[in-house]
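Engineer: Mind having a look at this structure? Questions to follow.
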Amino acid sequence: MNSAIACDNLTLGYERHPAVHHLSGSFALGSLTAITGPNGAGKSTLLKGILGLLPPLGGRVLLADGLRQQVSYLPQQTELEPDFPISVWDAVLMGHWRRVGAWKTLSGALQQQAVQALRRVGLQGFERRIVGSLSGGQRQRVLFARLLVEDAPLILLDEPFAAVDQRTVNDLLAIVHDWHAQGRTVLAVLHDLEQIRRHFPQTLYLARRALAWGETGQVLTPELIAHGRVMSESWDEGAPYCLMESS
C-alpha cells in the first residue's frame, strides 16, 4: 500500500533536546491512525514535524506528492485563542482560504459548502454567533466544520475530543469515520484507549520512540502500555540530541 507519510530515522525536539527519537515507519494512504502514549511522549511534536512546523534534528519526513499543500490541522484547544472576535460563519469560511486567498469573493457554491458543513456539525442557525461565546464542544464543532470546508486529503488532529461533551465526541467521531470511508488519511493524537480500540484500526504507541506501530489490537496490549509508563517515568528532559542511529 502506498504511503501518505513516511518517517525516515526522524528525530524531533526543541533546542536540540529530542522529544521524538529515531522514528522510522509510514502511515498508509487512506489509513485511520491513533497516536497515543504517555504524557510528554512526543505525540504533538510528531504532528508538528509532519506539518513542517518543526524542523527535524535528524532524519526526515516524506509526504506523498501534493500532500504538503493539502493538509488540514486541528491543534489542541489550549493553542487556540477563544476570545478572538470572529463569527462562526467567518471562522468556517476560513476553510476556503487556501483555495481562494484572503481577498477574493466567495462564490455561491463555496458559501453553500460552508452552510452544509455547519449543518453536518449541528450548528445551523449559529452563523452570527461569536466563536468565543460558544461552549467548548460547540467551538470544536466549528473547527470541524472548517476542516470539512478545507476538504483536504490529509487530516491531522491533536486531541480533538479533549474537554468536550460525549454527544459532541460521538458526532465528531462520525465525521472522522466519514473521512476514512472517503479514503482520506487521518492521524489523531488521543489518550482514551477504549475510544481508540473502538474507532481507530491503526495505532502508533509513542514513548519518545515507537514502542509499537500497527493494528490497534496488536499494539494496545497491557504489557506495552505498562512498559510505556515505566519509560516515561525514567525520561531525562535535559538529555542532548543523540547522533547515533537507532538499532
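The values are calculated or read from the model by the stated rules, or taken from the named source; none is laboratory data. Note that the coordinates shown come from a computational prediction; the quantities given were computed from them, not determined experimentally. Positions of Cβ are generated from backbone atoms using ideal geometry, with glycine treated the same way; all protein chains shown enter the neighbour counts. Remember, those area values only see protein heavy atoms, side chains included, never the ligands or the DNA or RNA. Shrake-Rupley method; radii C 1.70, N 1.55, O 1.52, S 1.80 Å.
Engineer: Among 44, 3, 24, which is surrounded by fewer than 16 Cβ atoms within 10 Å (Cβ to Cβ) and among the hydroxyl-bearing types (Ser, Thr, Tyr)? Talk me through it step by step, then tell me what you get.
Structural biologist: Details: 44 fails: surrounded by fewer than 16 Cβ atoms within 10 Å (Cβ to Cβ); 3 fails: surrounded by fewer than 16 Cβ atoms within 10 Å (Cβ to Cβ).
Going through 44, 3, 24 in turn, the sole match is 24.
Engineer: In region 202-215, what residues are farther than 24 Å from residue 58 by Cα and either touching a Ser or Thr at 6+ places or on another chain (Cβ under 6 Å) or among the small types (Gly, Ala, Ser) (or both)?
Structural biologist: Narrowing region 202-215 to residues farther than 24 Å from residue 58 by Cα: 202, 215.
If the condition is that a residue be farther than 24 Å from residue 58 by Cα and either touching a Ser or Thr at 6+ places or on another chain (Cβ under 6 Å) or among the small types (Gly, Ala, Ser) (or both), then 202 is the only one that fits.
Engineer: Then there's this: What are the residues in region 108-126 that are assigned to a helix (DSSP H, G or I) and farther than 13 Å from residue 172 by Cα, if any? Don't jump to the end; show me each part of the working.
Structural biologist: Looking only at region 108-126, we keep the residues that are assigned to a helix (DSSP H, G or I), and these are 108-120.
Residues satisfying the conditions are 108, 109, 110, 111, 112, 113, 114, 115, 116.
Engineer: Here's another thing I want to ask about it. Which number in (1) modelled with pLDDT of 90 or more; (2) at negative phi; (3) of a type outside the set (A, V, I, L, M, F, W, C) marks the one condition that residue 234 misses?
Structural biologist: (1)
Engineer: Here is a follow-up. Looking at region 101-108, can you tell me whether even one residue there is in contact with an Asp or Glu (Cβ under 6 Å, 6 or more places away or on another chain) and farther than 25 Å from residue 189 by Cα? Please lay out each step first, then the result.
Structural biologist: Step one: list which residues in region 101-108 are in contact with an Asp or Glu (Cβ under 6 Å, 6 or more places away or on another chain), which gives none.
No; the residues of region 101-108 include none that is in contact with an Asp or Glu (Cβ under 6 Å, 6 or more places away or on another chain) and farther than 25 Å from residue 189 by Cα.
Rundown of residues vs (1) among the acidic types (Asp, Glu); (2) at pLDDT 95 or above; (3) under 13 Å from residue 73 (Cβ atoms); (4) open to solvent by less than 10 Å² (accessible area, probe 1.4 Å), yes/no style:
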{"site": "123", "(1), (2), (3), (4)": "no, yes, no, yes"}
{"site": "145", "(1), (2), (3), (4)": "no, yes, no, yes"}
{"site": "148", "(1), (2), (3), (4)": "no, yes, no, no"}
{"site": "167", "(1), (2), (3), (4)": "no, yes, no, no"}
{"site": "186", "(1), (2), (3), (4)": "no, yes, yes, yes"}
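Engineer: Right, something else. Out of region 216-231, which residues are surrounded by 12 or more Cβ atoms within 10 Å (Cβ to Cβ) and touching a helix residue (DSSP H, G or I) at 6+ places or on another chain (Cβ under 8 Å)?
Structural biologist: 216, 220, 225
Engineer: Say whether the condition of being modelled with pLDDT of 95 or more and more than 26 Å from residue 86 (Cβ to Cβ) is met by at least one residue in region 152-162. Break it down stepwise before answering.
Structural biologist: Step one: filter region 152-162 for residues modelled with pLDDT of 95 or more, giving 152-161.
Retained after the next criterion (residues that are more than 26 Å from residue 86 (Cβ to Cβ)): 153.
Yes, some residue in region 152-162 is modelled with pLDDT of 95 or more and more than 26 Å from residue 86 (Cβ to Cβ).
Engineer: Then there's this: Determine the pairs where a residue that is among the basic types (Lys, Arg), located within region 174-200, has a partner that is open to solvent by less than 70 Å² (accessible area, probe 1.4 Å) and assigned to a loop (DSSP other than H, G, I, E, B) with Cβ atoms under 8 Å apart, the partner being 6 or more residues away or on another chain.
Structural biologist: That search, which allows pairs on different chains as well, returns 184/30; 184/152; 184/153; 197/220.
Condition check ((1) within 29 Å of residue 27 (Cα to Cα); (2) free of Cβ contacts under 8 Å to residues at least 40 places away in the same chain; (3) surrounded by fewer than 20 Cβ atoms within 10 Å (Cβ to Cβ)) across all residues:
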site	(1), (2), (3)
100	no, yes, yes
114	no, yes, no
134	no, no, yes
155	yes, no, no
